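> Right, I'll just put the structure down here and ask away after.
Just so you know, all these numbers are worked out from the coordinates, no wet-lab data involved. The structure displayed is predicted, hence computed values, not measured ones. No Cβ is skipped: glycine too gets one built from the backbone with ideal geometry, and neighbour counts run over all protein chains shown.
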Amino acid sequence: MQVIPAIDLEKARSRIVFWPGVASGVGAPTDRPDRIAEHFVGLGAPVIHLVDFDGARAGAPVNLETVGAIAARVATPLQLAGGVDTPDGIRLAFAAGATRVLVGMSVVDDARTLRDCLALAGDWLAVGLDARADRLAAFPWRRSRVPTLHELADELVGQGVARLVLGHGGGDRELEALANLRATVDVELVVAGGVRDLEGVRRLRDAGIAGIILGEALLSGAIDYTAALEAAA
């Protein structure tokens, strides 16, 4: 299972200050996303997940120079979320140096936009879904009834989506549903959120999940990245 570090971008900086030596008291804290990405790539990160908070608010990517600075520093795939829910947003992301994009729920409920986004990004497009039933129910669907997570996954795979990123899918309540989804739907499943310790990493590994995205837990030092890689192996 891949362990994917996440960096939240706001005003060209990481929203969370990272101190690589927090456990030992050495090194210097940094909020520079390029340096944070370089640190994790040096430890073996297969992908860096970037969340453009400004872009999510604006509806189009904003921190493009920062994405470019990271791309210039690491030769590792960059997945961008936030402001990339349109074909134009995806074009901007790719031009800046991102190699993957993560679109949100609004695209799920818009077949035409999803089709156009897939035409641009293909297998490098992932769709983000919230694994919690109450969050699915709260979304303002334009269809006659609220779909289940399984129904959405089936629908998206049928439209050509190869990868799903499930937010808050690491809790005990969601684990059985994720394992069932993994066993019955032919799609790559990545979990973002809900994991706070190494045992949570192991549970997702044992459920057959392809990857886990860790942000604050890594940057705060709550989970050690090298230990997480070992737990995921």
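> Counting DSSP beta bridges with both partners in the chain, what percentage is antiparallel, nearest 5?
10
> With the cut-off at 24 Å, report for the range 2-228 the share of all Cα pairs above it, as a whole percent.
Taking all Cα-Cα pairs of the range 2-228, the fraction more than 24 Å apart is 43 percent.
> What is the sum of charges around R32, taking Lys and Arg as +1, Asp and Glu as -1, for the other residues whose C-beta is under 14 Å from the C-beta of R32?
Combined, the nearby Lys, Arg, Asp and Glu give -1.
> While we're here: Quick check: pseudo-label points 7 Å beyond the Cα along Cα→Cβ at A72 and R115, how many nm apart are they?
The modelled label-to-label distance comes out at 4.0 nm.
> Excluding G83 itself, calculate the net charge of residues whose Cβ lies under 15 Å from the Cβ of G83, where each Lys or Arg counts +1 and each Asp or Glu counts -1.
Here the charged neighbours net out to -3.
> To continue, here is another question. In what order do T226, T30 fall by count of nearby beta-carbon atoms within 10 Å, going from fewest to most?
T226, T30
> I need the calculated FRET efficiency for the pair R143 and V185, taking r as the beta carbon distance and R₀ as 22 Å, to the nearest 0.05.
Calculated value: 0.70.
> Dipole size in debye (nearest 20) for the chain around its Cα centre, Lys and Arg Cβ +1, Asp and Glu Cβ -1?
Roughly 240 debye, rounded to the nearest 20.
> Of the options G59, A183, G160, report the single residue whose Cα projects farthest towards the positive end of the charge dipole of the chain (beta-carbon charges: Lys, Arg +1; Asp, Glu -1).
G59
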